[in-house]
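A short worksheet on the structure shown next.
The values are calculated or read from the model by the stated rules, or taken from the named source; none is laboratory data. Predicted model only: the values in this text are computed from it and were never measured. FYI the Cβ positions are ideal-geometry reconstructions off the backbone, even for glycines, and counts take in every protein chain you see. When the accessible area is computed, the model is the full protein with side chains, heavy atoms only, and any ligands, DNA or RNA have been set aside. Shrake-Rupley method; radii C 1.70, N 1.55, O 1.52, S 1.80 Å.
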Amino acid sequence: MKAVVYEGPRKVTVKDIPDAKIERPTDVLVRVTTTNICGSDLHMYEGRTSFEKGRVFGHENLGEVIEVGTAVDKIKVGDPVVLPFNVSCGFCGNCERGLTNYCLTTQPDPKLAGAAYGFADMGPWQGGQAELLRVPYADHNCLRLGEDAWEAQTDYVMLADIFPTGYHATELAGVRPGDKTVIFGGGPVGLMAAYSAVLRGASRVWVVDRHPDRLALAEKIGAIPIDDSVVDPVEYILGETKGLGADNGCECVGYQAHDPQGNEQPNLVLNQLVAAVRYAGQIGVVGVYVPADPKAKDKLAKKGQLAFDYGLHWQKGQTMGTGQCPVKRYNRALRDLIAEGRANPSFIVSHELTLDRAPEGYVHFDGRDEGWTKVVLHPGKA
């Protein structure tokens with residue numbers, strides 16, 4: 001099968017590798033029809049993680065079931081399914097508590113928790129930027145789609161990660177009807193957080209970024225764009241709220257945050273959120289942070305540490321929630337919003353490419369080139 005293979009920093013190739021296959025009775029085999037390039041892929045693509053050469057990228061996957069294991073009961077051949085990026089078992093202590101993002105079964109390292117397709121330090125699972133994908137514990141991991149699955153697959157594929165992740169950010173931030181919410185980061189996840197805040201009834205939603213194409217999309221969904229290369233976002237939000245600050249905020253940038261001058265500053269957005277959110281407000285952090293970043297320029301960041309304004313955070317009595325999204329907590333409800341026409345997350349898609357053009361997609365998406373807001377890949381029929 002053809003697959004997108006990591007060859008080293010900023011180098012991926014599309015090559016033939018051995019076909020994915022059923023290995024255990026609880027597996028299914030999926031012919032991938034739609035798979036996304038994610039901002040999290042870029043951390044690995046840039047060589048900022050321990051992702052091994054020769055592995056396949058891709059944790060946002062949708063396709064058709066073409067083979068089922070003998071112990072699979074619910075999922076049938078021909079089913080259109082979308083797969084949570086979390087690879088989970090459904091029966092370990094964490095999964096039983098709904099924490100499928102911290103599965104203990106699918107992560108082989110006993111010191112860690114949580115697994116994902118094609119992701120650094122999250123188990124051995126190959127990614128889905130390929131023609132075929134093996135899905136373990138299929139009855140648990142597959143979310144079946146309805147009759148409109150194929151015509152709306154660019155909407156439904158967002159259920160694999162970024163739509164639930166954006167929604168999770170608003171859940172961690174406690175967004176309620178009437179709230180004033182600030183989103184730092186206008187990439188795909190940030191836009192999904194803004195979209196989720198709108199769906200949840202926030203009265204005002206700001207999106208802080210500096211890329212015109214992203215800010216235009218934010219405005220398109222009813223959010224207020226803030227270009228932080230033009231204005232100080234904290235001063236702007238305080239000015240719009242009589243000095244009180246936003247009710248809550250979402251961090252959708254992560255450890256590779258940059259200031260408007262292009263300098264990497266990993267603590268920038270967290271500290272801006274503390275300053276911009278009101279006393280007793282809530283902050284949800286879904287941007288990726290890592291325990292160690294050897295290639296960071298900042299000495300603290302090399303060890304996974306940040307110069308965080310904890311004193312102000314404590315003084316303001318703020319609550320902060322963090323971590324990867326437990327996709328299964330949200331994906332069924334969000335699927336039904338799409339099916340009923342209440343949500344259309346594909347508004348962020350800028351490019352749909354064949355699998356062979358994946359290297360081109362990575363170059364443009366990694367470069368934040370104008371107009372490359374979300375890249376969707378369509379593998380050919382296996």
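For the pair Tyr279 and Asn263 in one chain, pulling the backbone fully straight at 0.36 nm per residue adds 2.8 nm over the alpha carbon distance. Amide H contacts of Thr322: Val285, each under 5 Å away and 5 or more positions distant or on a separate chain (H built 1.01 Å from N in the peptide plane; Pro and chain starts excluded).
Overall, the accessible surface of the chain at a probe of 1.4 angstrom is composed of carbon and sulfur to the extent of 50 percent. The protection proxy used here, the mean number of other Cβ atoms lying within 10 Å of each residue, ranks peptides 198-204, 69-75 as follows, highest first: 198-204, 69-75. With a Förster radius of 25 Å applied to the beta-carbon distance between Lys111 and Glu52, the computed FRET efficiency rounds to 0.85. The slack in the chain from Val231 to Arg176, taken as 0.36 nm per residue of separation less the alpha-carbon distance, amounts to 17.1 nm. When peptides 33-44, 14-25 are sorted by average Cβ neighbour count within 10 Å, with the highest value leading, the order is 33-44, 14-25.
In the context of the full protein assembly, Asp179 retains an accessible surface of approximately 20 Å², using a probe radius of 1.4 Å and ignoring ligands and nucleic acids. By DSSP, the beta bridges lying fully in the chain are antiparallel in about 55 percent of cases.
Protection proxy ranking for 55-65, 333-343, 236-246, 270-280, using the average of other Cβ atoms within 10 Å per residue and placing the highest first: 55-65, 270-280, 236-246, 333-343.
Each label point was placed 7 Å from the Cα along the Cα-to-Cβ direction; for Ala216 and Gln305 their separation is 4.4 nm. Taking the charge dipole of the chain about its Cα centre, with +1 at Lys and Arg Cβ atoms and -1 at Asp and Glu Cβ atoms, the residue from Thr241, Gly321, Val182 reaching farthest to the positive side is Gly321. Ala301 sits among other residues whose Cβ lies under 9 Å from its own Cβ, and their net charge, with Lys and Arg +1 and Asp and Glu -1, is +1. Pairs over the 19 Å Cα-Cα cut-off, from the set Lys15/Lys374; Lys53/Lys295; Lys76/Lys374; Lys297/Lys374; Lys74/Lys328; Lys21/Lys328: Lys15/Lys374; Lys76/Lys374; Lys297/Lys374; Lys21/Lys328. Between the labelled values (1) 92, 67, 46; (2) 62, 44, 41; (3) 62, 55, 39, the entry that holds Cα extents along the principal axes in Å as derived from this structure is (2).
For the chain, the residue among Ile283, Thr34, Trp372 whose Cα projects farthest onto the positive side of the dipole built from Cβ charges is Ile283. Rounded, prolate or oblate: which fits the range 162-287 when a ≥ b ≥ c are the square roots of the eigenvalues of the alpha-carbon gyration tensor, with rounded for a/c under 1.5 and prolate only if a/b beats b/c? In terms of gyration-tensor shape, rounded.
Answer with one residue from Tyr167, Ile221, Pro260: the one whose Cα lies farthest towards the positive end of the charge dipole of the range 109-262, charges on Cβ with Lys, Arg +1 and Asp, Glu -1. Sorting the options by dipole projection puts first Tyr167. Beta bridges from DSSP with both residues in the range 66-221: antiparallel share about 40 percent, rounded to the nearest 5.
Taking Cβ atoms as reference points and 9 Å as the exclusive limit, the residues near Asn267 contribute a net charge of -2, counting Lys and Arg as +1 and Asp and Glu as -1.
Using just its DSSP H runs of length 4 or more, each adding -39500 (n - 2.57), the chain gives a mean residue ellipticity at 222 nm of -6500 deg cm²/dmol after division by all residues. The value of relative contact order for the chain, using C-alpha pairs under 8 Å at least six residues apart, is 18 percent.
Working from Cα pairs under 8 Å separated by at least six residues, relative contact order for the range 205-325 is 21 percent.
Between Asp139 and Thr319, the distance separating the two model label sites (each 7 Å from Cα on the Cα→Cβ line) works out to 3.6 nm.
Of Asp228, Asp309, the residue with the largest accessible area leads and the full order is Asp309, Asp228 (1.4 Å probe).
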